[in-house]
Structure formats: C-alpha cells, structure tokens
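Below: the structure, in structure tokens.
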Amino acid sequence: MSHALFQPLTLPNGQELPNRIAKAAMEERMAASGQLPGEQLLTLYRAWSMGGSGLLLTGNVMVHDAALTGPGGVVLDKNSPIELFRKWVEAAHSGGAKIWMQINHPGRQVQANMPGVAWGPSASRVNTGRTSSMFAEAEEMTEAQIEQTIQRFVDTANRAEEAGFDGVEVHAAHGYLLSQFLSPLVNKRTDQWGGSLENRARMLMEVIRRIRAEVKPDFTVAVKLNSADFQRGGFDEQDAARVIEMLAPLGVDLVELSGGSYESPAMTGNSQSSDSEDQSKQDERTAAREAYFLELAEQLVDDSPIPLMVTGGVTRRETAEAVISSGVAVVGMGTALAVDPNLPEKWKVDASARVTLAPVRIKDKAIASAISMARVRYQMRRVGRGRSPLPKFPALLAFGWDFVRDEVNRRRYAKWLSERG
C-alpha cells in the first residue's frame, strides 16, 4: 500500500498541507445566533482536525447577509464580529490541520420561503421538476449588483484572513451564483457577463483577481469548479479545462473539481441498489460510485497548470490512494468524514477501515439529494454535541428533524436580517 496519501503537499504559494486528505465542504447549517459559528461548530471542527484530515474546508460561509443557501448558514461580511471566527480557526488547528473558508453566494438557489434576495445572471427559477416551486424566482442582476457582489467576496476573504484562516475557497460549482454565470443554460445575458465562455467566466475571474490583490501571498486562494454540470448543453469538461487555464495566471493555488447542481445533484452520489444484491455486486457499485468525478479529473490533470483536488464519494483508502496516484494533488472526502471523523487516523493502522451508509432509495433525484444531505447534517450535529455518529439513523427521520430545525432557524434568521437593516 502506497503512503503517498499521508505525505505533505506544498502549494504554489508555499503553504504546506500535512497530508493529501481534505475534509471537503459540507453545508452544516449549524450557525449560532447572529449567523455566527457557535460552540457546536467548533466541537465538530476540532473532531475533524484530531481525526487526521490535513485540510478542513468549511461549509458555505455566505458573503451576502440577504442571500443564504439555508437558514442556518454562517455569514461573514464587513459588519460581522470576528472573535468567534478566530475560535473556529483555533478549533480547526488543534490537531494540526489547515483550514480554508469556502465563500459563496447562492444566486438563484434560494428557497422560496427565505427572506432576502434571489439573484441570478438571468431571470429564472431552478428546475427540479415537481419541486421547482420550492425555489425562488430569481431576478436578473444589474451591473451594480454584480459589482457589489464581487466586492462582497473580496470583503469576506479579507475578514477570513483577519480571523486567521489559512485560505479561502471561492465556490464556483454546484449551481450557485458563480456557477450560474458559467453555465450556458442559466446565463442568457448578452452583455459582457454572458455569451462566450470568457464573458461567462468574467465574474469569477474578477473575484479571484481582486482577492489575490488584497490578501497576503501565503494566504491560499482556491476555487471549487464543476468538472461538468451533468446537463445536456451545460458546462462540460472542455469548459472546465479552459477556465482552469484562465485561473492559472491569477495566482490560484488549487482547483477542487466536483460536479452537478440542484437540478442534477451528482455531488451527493446517490445510487440505487436492491436489498437482494450480493456483497460482491454491492462492492462493485461502491467502487464505481466512489471518486465519481475521478474519470473526468483524469482528463484534466495532465494538462492542468494548477494542482487539482477531487471530491466525490470516497469511503475507502484504496480509492483515496488511486485518486492521488492518478496525479491529483488532494482527495476530498465529505460524507465519510461526517460518519467517522477519525477515518484518516484509522487508515494509518488499518487500510481496510471504511464507512457505509445505506442508499436513499427514492427515484426523484432532487428529493433523494435533500434527504441524503439532511442525513449527513444529522451526523455532523451529533459530533458537534460531542456524541458519536449514528450511521444507521433513518434518513427520512433525519430529513424530518432537518425540516423542523430549518423552520426555527428561518424565523431566527428573518428577525436577525430585519434588525440588521
């Protein structure tokens, strides 16, 4: 068994990661009062750091207080108090890990019952079939709104550096705002922000250019990018390769490749299997499901001028080693580390250690994705309360608890937003 997975990695800016395993971003929706990181979030990140991951990527931290992906989201802007963010960093550093803040704007991927705004490159609604009405109808952004949003990304990056984070990851995947601008299916603009890929990528490039100009050289600037949208006529691997080339001269230190959106939720890795499937067939399906973006990444890695990270469904050391052996610099793990935060440490002494979660057997992909994410959040909340995960906890019950929590958090968020003015 190769030991490359546990070797340090030096990034282009000189920052060293202690190993090649990253706790990928998962949206915790665990904000405390004031949309700030609280004690449960600190406990969760302390567990991940002690569990052996070399890099911790936060879940979405929102750059715009009136645009949240969910009511329990953390917000960091010019008016946010900084002390709890410093404590978040201390918790993440406790076991030797680095921590990068994933910074994001949801654009049109906003629930219809959320207060605030729903913006997009063009006026449209997320299309998830019969559940589409759950999402807000987005208004087309004006030039002024685009400029304000670019500056919000810069402001949040500056505050993250002030708090002691080791870097930021700009989220331009999964159908959020910057991904919406990149998508020819969503972005129907005819001005400088739409049309050609260069125009559709302009907002992302401006965000990166301005952040890199303001933060210190050893502060990491990374980008999360779809390797594909998995929608016919959408952003594809050729587009991803070109965007990576555009990012290279701007001082980007790492590109994380993922894929999908709410309309095509490949990032959740849902897979259907029957109860009667024998173990060998289930293992084959697991192997195929793990690293489900790796094949696309392998098409990009040889020519990429920027180190790549691949995230998607990894639960076994064998698969993680295969990702690194392919030339990918960092392997990202999400669900597996929510179920077992100590998995990287376990791999050092038992290469066969793994986690398993029963598949969510619901045909509607959007609903199955929502249930899968609720189940993961349930595990994270348990760890945040100092308890052990419960992998066999019923997914539908976790979804029900998530719904109740969202209602409570939504009211609290609406009150906070109105008082903020």
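Scanning segment 383-403 for residues that are out of contact with any Lys or Arg (no Cβ under 6 Å at 6 or more places or on another chain), closer than 26 Å to W48 by Cβ and of a type in the set (A, V, I, L, M), which turns out least open to solvent (accessible area, probe 1.4 Å)?
The residue in question is V383.
Is it the case that some residue within segment 41-55 is under 15 Å from the mean Cα position of the chain (by Cα) and of a type in the set (A, V, I, L, M, F, W, C)?
Yes: segment 41-55 contains one or more residues that are under 15 Å from the mean Cα position of the chain (by Cα) and of a type in the set (A, V, I, L, M, F, W, C).
For segment 91-115, give me each residue that is over 17 Å from Q15 (Cβ atoms), open to solvent by 50 Å² or more (accessible area, probe 1.4 Å) and in contact (Cβ under 8 Å) with a residue 60 or more places away in the chain.
Across segment 91-115, the qualifying residue is only N113.
May I ask you to verify whether E214 is acidic (D, E), surrounded by 15 or more Cβ atoms within 10 Å (Cβ to Cβ) and in contact (Cβ under 8 Å) with a residue 40 or more places away in the chain?
The answer is no for E214.
If you go through segment 119-131 one residue at a time, do you hit one that is modelled with pLDDT of 95 or more, assigned to a loop (DSSP other than H, G, I, E, B) and surrounded by 15 or more Cβ atoms within 10 Å (Cβ to Cβ)?
yes
Of all residues in segment 132-152, which are small (G, A, S), out of contact with any strand residue (DSSP E or B) (no Cβ under 8 Å at 6 or more places or on another chain) and open to solvent by less than 40 Å² (accessible area, probe 1.4 Å)?
S132 - this is the single residue of segment 132-152 that is small (G, A, S), out of contact with any strand residue (DSSP E or B) (no Cβ under 8 Å at 6 or more places or on another chain) and open to solvent by less than 40 Å² (accessible area, probe 1.4 Å).
Quick one: would you say V349 is modelled with pLDDT of 90 or more, open to solvent by less than 50 Å² (accessible area, probe 1.4 Å) and at negative phi?
no
Report every pair of residues separated by at least 6 positions or lying on different chains whose Cβ atoms are under 9 Å apart, first residue within segment 389-402 and in contact (Cβ under 8 Å) with a residue 12 or more places away in the chain, second exposed (fewer than 14 other Cβ atoms within 10 Å of the Cβ).
P391/T356; P391/A358; K392/A358; A395/A358
Can you find even one residue in segment 34-57 that is in contact with a strand residue (DSSP E or B) (Cβ under 8 Å, 6 or more places away or on another chain), among the hydroxyl-bearing types (S, T, Y) and without any contact (Cβ under 8 Å) to a residue 12 or more places away in the chain?
Checking segment 34-57: not a single residue is in contact with a strand residue (DSSP E or B) (Cβ under 8 Å, 6 or more places away or on another chain), among the hydroxyl-bearing types (S, T, Y) and without any contact (Cβ under 8 Å) to a residue 12 or more places away in the chain.
If you go through segment 191-199 one residue at a time, do you hit one that is of a type in the set (D, E, K, R), out of contact with any Phe, Trp or Tyr (no Cβ under 8 Å at 6 or more places or on another chain) and either modelled with pLDDT of 95 or more or at positive phi (or both)?
yes
Taking the stated definitions as given, is D191 under 25 Å from I82 (Cα atoms) and of a type in the set (D, E)?
For D191, the condition - under 25 Å from I82 (Cα atoms) and of a type in the set (D, E) - is not met.
Select from segment 103-117 the residues that are out of contact with any strand residue (DSSP E or B) (no Cβ under 7 Å at 6 or more places or on another chain) and more than 13 Å from G175 (Cα to Cα) and list them in ascending order.
N113, M114, P115, G116, V117
Does segment 164-195 hold any residues that are part of a loop (DSSP other than H, G, I, E, B) and among the aromatic types (F, W, Y), and which are they?
Passing the criteria: F165, Y176, W193.
Exactly one of these conditions fails for D155: (1) over 21 Å from G59 (Cβ atoms); (2) in contact (Cβ under 8 Å) with a residue 12 or more places away in the chain; (3) part of a helix (DSSP H, G or I); (4) open to solvent by 10 Å² or more (accessible area, probe 1.4 Å). Give me its number.
Answer for D155: the failing condition is (1).
Taking segment 29-63 as the search range and keeping residues that are open to solvent by less than 10 Å² (accessible area, probe 1.4 Å), of a type outside the set (G, A, S) and part of a loop (DSSP other than H, G, I, E, B), which one is nearest to V117 (Cα to Cα)?
Restricting to residues being open to solvent by less than 10 Å² (accessible area, probe 1.4 Å), of a type outside the set (G, A, S) and part of a loop (DSSP other than H, G, I, E, B), the top hit is V63.
The values are calculated or read from the model by the stated rules, or taken from the named source; none is laboratory data. Please read all numbers here as calculations on a predicted model, not as lab measurements. For neighbour counting, all protein chains shown are included, and Cβ atoms are generated from backbone atoms with ideal geometry for every residue, glycine included. Ligands, DNA and RNA are excluded from the accessible area calculation, which covers all protein heavy atoms including side chains. Shrake-Rupley method; radii C 1.70, N 1.55, O 1.52, S 1.80 Å.
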